[in-house]
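Please read the structure below before turning to the comments.
Coordinate-derived values only; no laboratory data. Here the structure is a predicted model, which means the values were calculated and not measured. Positions of Cβ are generated from backbone atoms using ideal geometry, with glycine treated the same way; all protein chains shown enter the neighbour counts.
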Amino acid sequence: MVTWWGLVIEGYHLTQERLMSEIAERFGLTPGPFDILLRLVRSPEHRMPMTKLAREAALSSGGFTKVADRLAAADLIVRQPCDTDRRVTYAVLTEHGREIAEAAREAC
């Protein structure tokens, strides 16, 4: 049983490596930003509170801020303050970000 499980894990890692290599080559996305874009494209209104997004992506606050800065600089997301709670900031896909996220998702 352990041998079979090891083969499953090995297959997963090889598949992920090939997939992420293709995503990086075609869209210039590393695994972290790719994961964030996929989460946003599947979210209502293509937005999510940044703290929730960081938690779901298993990133620290500082680590997520760096990724979000790069995504914003690449015009893939914008930061949008919440109208009802000034403590909340949303990460929102731009039109360009949505196009890239959907194309990358289809490539999977």
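Is it true that some residue in the stretch 38-54 is in a helix (DSSP H, G or I), at negative phi and in contact with a His (Cβ under 6 Å, 6 or more places away or on another chain)?
Yes; the residues of the stretch 38-54 include at least one that is in a helix (DSSP H, G or I), at negative phi and in contact with a His (Cβ under 6 Å, 6 or more places away or on another chain).
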Exercise. Consider residue 29 against the criteria (1) under 18 Å from the mean Cα position of the chain (by Cα); (2) assigned to a helix (DSSP H, G or I): it satisfies all of them except one. Which criterion is unmet?
Worked result: (2)
Seminar exercise, completed: Subset of the stretch 1-26, residues among the hydrophobic types (A, V, I, L, M, F, W, C) and in a helix (DSSP H, G or I), comes to 2, 4, 5, 7, 8, 9, 14, 19, 20, 23, 24
For this session: Starting from the stretch 61-85, keep only residues that are of a type in the set (Val, Ile, Thr), then list their pairs with residues that are not in a helix (DSSP H, G or I) whose Cβ atoms are within a distance under 7 Å, requiring at least 6 positions of separation or different chains.
Result: 67/59; 77/91; 77/92; 77/93; 77/94; 78/92; 78/94
Problem set entry | Selection from the stretch 3-36 of residues that are touching a residue at least 40 places away in the same chain (Cβ under 8 Å) and among the aromatic types (Phe, Trp, Tyr) | 27, 34
